[in-house]
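Let me begin by presenting the structure, written as structure tokens, before commenting on it.
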Amino acid sequence: MRRFIVLALVLLSGCTFFEGPQHRRYRSSLVEYLYPGEIHAQETRPAQLQLPLKIGIAFVPAEPQPLDPQQEERLLEIVRKSFASRDWVGEIQLIPSSYLHPRGGFDDLEQVARLMNVDVVALVSVDQIQYNDPTLLSILYVSVVGQYVLPGDRNDTRTLIDVAAVDVQSHAFLLRAPGSSRISGMAAPVDVERRLRHKSDEGLRLAMLDLTKNLDTAVVSLKTSVAEGRRRDIDIISRKGVSFRAGGAMDPVSLVLMLIVIAAAFVPMRRAR
Amino acid sequence: MNRIPWLTVTMASLSALLAGASLGGYAQYDRAALLRGEVWRLVTGHFAHWSFAHLAWDVLAFLILGALCERRRWLFASVILGTALIVSMFLFFCCPEVAMYRGLSSIDSALWMWGVFIIGERHVSLALTMLALFIAKVMVESFGVALFADGFTILPVLHLLGALAGFCGSIAEHKIAHFSDATLHSDGQRDRVRRRRDESAVVGGAV
């Protein structure tokens, strides 16, 4: 009986660590990269996109990088596929992460775009936040068994992948497509790290799936919205050098000169009368 | 020039109305919509505009040139309708890459060329100056320099096409005027012959 009590005490007690809520975040911010200082109102120029477009795809640089090389490659491939199937897209270049510098701004982007000979850069940013919170079951962590067996911690992984295509010359945002996911689960304290890593991968995978759908829609609607005149800040110039949106305009200089000629033609006639 | 050019005023108002009521999207030349059967866009597209500045300068030119050219209303309406249709058909068949088109300037170009001939009836040198201005304008546009044309491309070829329509309009007006004069002339001759017959009949009767 004594042996049983001792064994029970050993199993049910332990110098447990009882940690409160924790969270971790992996983040690469597009705004921080493109506007490293304060965001000032900038004069916007209409973007003129010469078809076929030369597109570069890159990750927004961050320290540390939120994704491992395999995940990066998978994500870049998704973005590449969304653009590759369009007849108005010519070349697509994958820009290595190391080419861009954190908080580099548009100057950094322009340099890389010149180097890679691209007109438009699709910047991919990732924001993932993971929460790990104790629940009522966490009280059982006082036992050694509890810490190993009982999944008393609730974890929550929220992922947002954002793709923003920027016209390098005019700094105009052409399109934006998000992909998001949210997954949650329970884990025992000793398994939390492994579970969070797994959930991180799973969250990215689901966000990528969501992104694929949204990016396809955004890319299709870009051309339509430009052609329909909803995007006045963008003009698409066809392979023949003609805009999707054409118009005829009179300019004030020739109008004034014309008015002078007409007036000159009619005013002396009245005097002659 | 003394009477009110009602057609010009009405058409200029239509342009302002389309812009004010944001109906440009329903009126513009839209290749995809045309293929769906919305054929009114062949004409109404010329009365829609991309921006306020675009509208203002186009309509101002239209008012000035319309006041100059609106002498025979049916001919004026025919030239405008003809120019709109010719330019739209040219866009449709020869420029398939142009998805949208807005602007009165092709019609303005037609009236400009017509105006050259109207002014030429009074001052040949001024007419030539006006023609030179038009050519200079088209040349400047050909080099891609255009004010108030942000977000769209100006197609100088459409202005030349409009000018051609205006030239045809001025020839038509000249022919009509010539025909009317000839008719009046022949009517006068007929009257004179009839008067002589009547006079000779009166003289014969008296004899």
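Considering each of A:182, A:176, A:197 in turn, give the residue that is part of a helix (DSSP H, G or I), surrounded by fewer than 18 Cβ atoms within 10 Å (Cβ to Cβ) and away from chain B (no Cβ under 14 Å). So that I can check it myself, show each step before the final result.
Details: A:182 fails: part of a helix (DSSP H, G or I); A:176 fails: part of a helix (DSSP H, G or I).
On inspection, the qualifying residue turns out to be A:197.
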Task: Set A:246, A:188: member being over 30 Å from residue A:33 (Cα atoms), crowded, with 17+ Cβ neighbours inside 10 Å and within 14 Å of chain B (Cβ to nearest Cβ) - done: A:246
Open item on the list: Can you say whether residue B:65 is closer than 15 Å to residue B:114 by Cα, within 9 Å of chain A (Cβ to nearest Cβ), assigned to a helix (DSSP H, G or I) and of a type in the set (A, V, I, L, M, F, W, C), as far as the supplied structure shows?
Closed with: yes
Task: Failed item, numbered, when residue B:57 is tested on (1) within 7 Å of chain A (Cβ to nearest Cβ); (2) farther than 22 Å from residue B:170 by Cβ; (3) touching a Gly at 6+ places or on another chain (Cβ under 7 Å) - done: (3)
Task: Which numbered condition residue A:232 fails, given (1) outside any strand (DSSP E or B); (2) facing chain B (nearest Cβ under 7 Å); (3) without any contact (Cβ under 8 Å) to a residue 60 or more places away in the chain - done: (3)
TODO: Filter segment B:116-128 down to the residues that are more than 7 Å from every other protein chain (Cβ to nearest Cβ) and farther than 13 Å from residue B:67 by Cα, then identify the one that is surrounded by the fewest Cβ atoms within 10 Å (Cβ to Cβ).
DONE: B:124
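Within segment A:200-230, how many residues turn out to be within 17 Å of residue A:89 (Cβ to Cβ) and not hydroxyl-bearing (Ser, Thr, Tyr)?
Going residue by residue through segment A:200-230, those that are within 17 Å of residue A:89 (Cβ to Cβ) are A:212, A:215-227.
From what is left, the residues that are not hydroxyl-bearing (Ser, Thr, Tyr) are A:215-216, A:218-220, A:222-223, A:226-227.
Residues that pass the stated criteria total 9.
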Open item on the list: If I ask for residues that are under 14 Å from residue B:163 (Cα atoms), surrounded by 24 or more Cβ atoms within 10 Å (Cβ to Cβ) and either β-branched (Val, Ile, Thr) or facing chain A (nearest Cβ under 8 Å) (or both), which ones from segment B:80-115 would you list?
Closed with: B:80, B:83, B:87, B:104, B:105, B:106, B:107, B:108, B:109, B:112, B:115
Task: Given (1) more than 26 Å from residue B:92 (Cα to Cα); (2) part of a helix (DSSP H, G or I), index of the condition residue B:3 fails - done: (2)
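Just so you know, all these numbers are worked out from the coordinates, no wet-lab data involved. In this text, all values refer to a predicted model and were calculated from it rather than measured experimentally. No Cβ is skipped: glycine too gets one built from the backbone with ideal geometry, and neighbour counts run over all protein chains shown.
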